[in-house]
Amino acid sequence: MRDDTPDEACRVPLSRTFDEDPELYDRARPGYPPELFDDLARTAGTGPGCRVLEVGAGTGKATVPLAERGCRITAVEQGAGMAAVARRKLAGFGAVEVVTADFETWPLPAEPFDVVVAATAFHWIDPAVRMVKAADALRAGGALAVVATQHVAGGSEEFFAEVQGCYERFDPATSPGLRLPAAEDVDTSAYADEAARSGRFGPVVFRRYEWDLTYTTAAYLGVLRTYSGHRALPSPAREGLLRCIAGLIDGRYGGQVTKRYLTELRVSRTVPSSRQRRRTAFQG
């Protein structure tokens, strides 16, 4: 079962697949639980007038709720098609700017941001750059808020075990007997470790949300067609895989399945760099 967690050697080419059909991406991909934005306001301060830099904005799945809460947003998206959809959706918000650029090379503006947000996008940014540049974009004490989403055990569990046969048949990269993890078994310590190693952020505050979404056969195939790993398959293998999955849903599950998502909010605030600490000590 493929997902959108990139292997570093494939990160850049896979990241380009999302822009191949941005309208499908916008229709098929779910948004985020409303309570996530409530927690984001409490932990990071995303309220009216807050200056937000969104990294990897896609078609605006997180941008729209933030704009509705009165944030002033600069949304950076590398895909021209994705950025165009986001601009259309956000046209009614005068305090939102969508920039077509990749975050790694985009020049940071002189005025720092209050919050940097990355919703299901941070893992696509070069790991050598993402923490340091996010910190550089923030004011002192500003917050980095990363949203990660994973498919976990739950919902139509029997289907997700049985569908592995389709993947093993059509995708040679599939590990035999692969099963979804329970939400409580998902380990996100690697992110906390990365933030700590950067030396630019304090402790990470985590919030988790489990939620179910029921798909018809057509809707489920639609969301699969947006996944980078599925899009990267050779066309005959991809179409064979999707036919196999459709036959399983229609033939054994009454034309619909329920998928359980684990969405995690990770918030940390900047700490002074060693250079800033030395300067402060000297001035004192």
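Here the residues 96, 223, ranked from fewest to most Cβ neighbours within 10 Å of their Cβ, fall in the order 223, 96.
Note on region 50-179: along the principal axes its Cα atoms extend 52, 34, 26 Å, ordered by decreasing extent.
Round to the nearest 0.05 the FRET efficiency obtained for residue 91 and residue 168 when R0 = 51 Å and r is the Cβ-Cβ distance. The value I calculate is 0.65. Cβ-to-Cβ counts within 10 Å put 125, 73 in ascending order as 125, 73, the fewest first. Around the amide H of residue 99, modelled in the peptide plane, lie the amide H atoms of 75, 76, 77, all under 5 Å away and 5 or more residues distant in sequence or on another chain.
In the chain, the longest principal axis of the Cα atoms and the axis of helix 34-44 are about 20 degrees apart. Bridging of residue 89 to lysines at a Cα separation below 26 Å is possible for 61, once same-chain residues fewer than 8 apart are set aside. Would you be so kind as to identify which of 85, 224, 103 lies farthest towards the positive end of the dipole of the chain, taking Lys and Arg as +1 and Asp and Glu as -1 on Cβ and the Cα centre as origin? The listed residue farthest towards the positive side: 103. The helix-based estimate of mean residue ellipticity at 222 nm for the chain, built from -39,500 (n - 2.57) per DSSP H run of four or more residues and divided by its residue count, is -11000 deg cm²/dmol to the nearest 500. Amide H contacts of residue 50 (H built 1.01 Å from N, in plane; Pro and chain starts excluded): 72 sit under 5 Å, all sequence-distant by 5 or more or on other chains.
Taken one residue at a time, the phi angles of region 254-264 give Karplus couplings (6.51, -1.76, 1.60, θ = phi - 60°) of x, x, 7, 9, 10, 10, 9, 10, 10, 10, 10 Hz. Gly and Pro are set to x. Take the Cα of residue 110, go 7 Å toward its beta carbon, and the backbone nitrogen atoms of region 60-78 under 19 Å from that spot belong to 74.
None of the figures in this text is laboratory data; all of them are computed from the coordinates on show. Quick caveat: nothing in here was measured; it's all calculated off a predicted structure. Cβ atoms come from the backbone with ideal geometry, glycine included; neighbour counts cover every protein chain shown.
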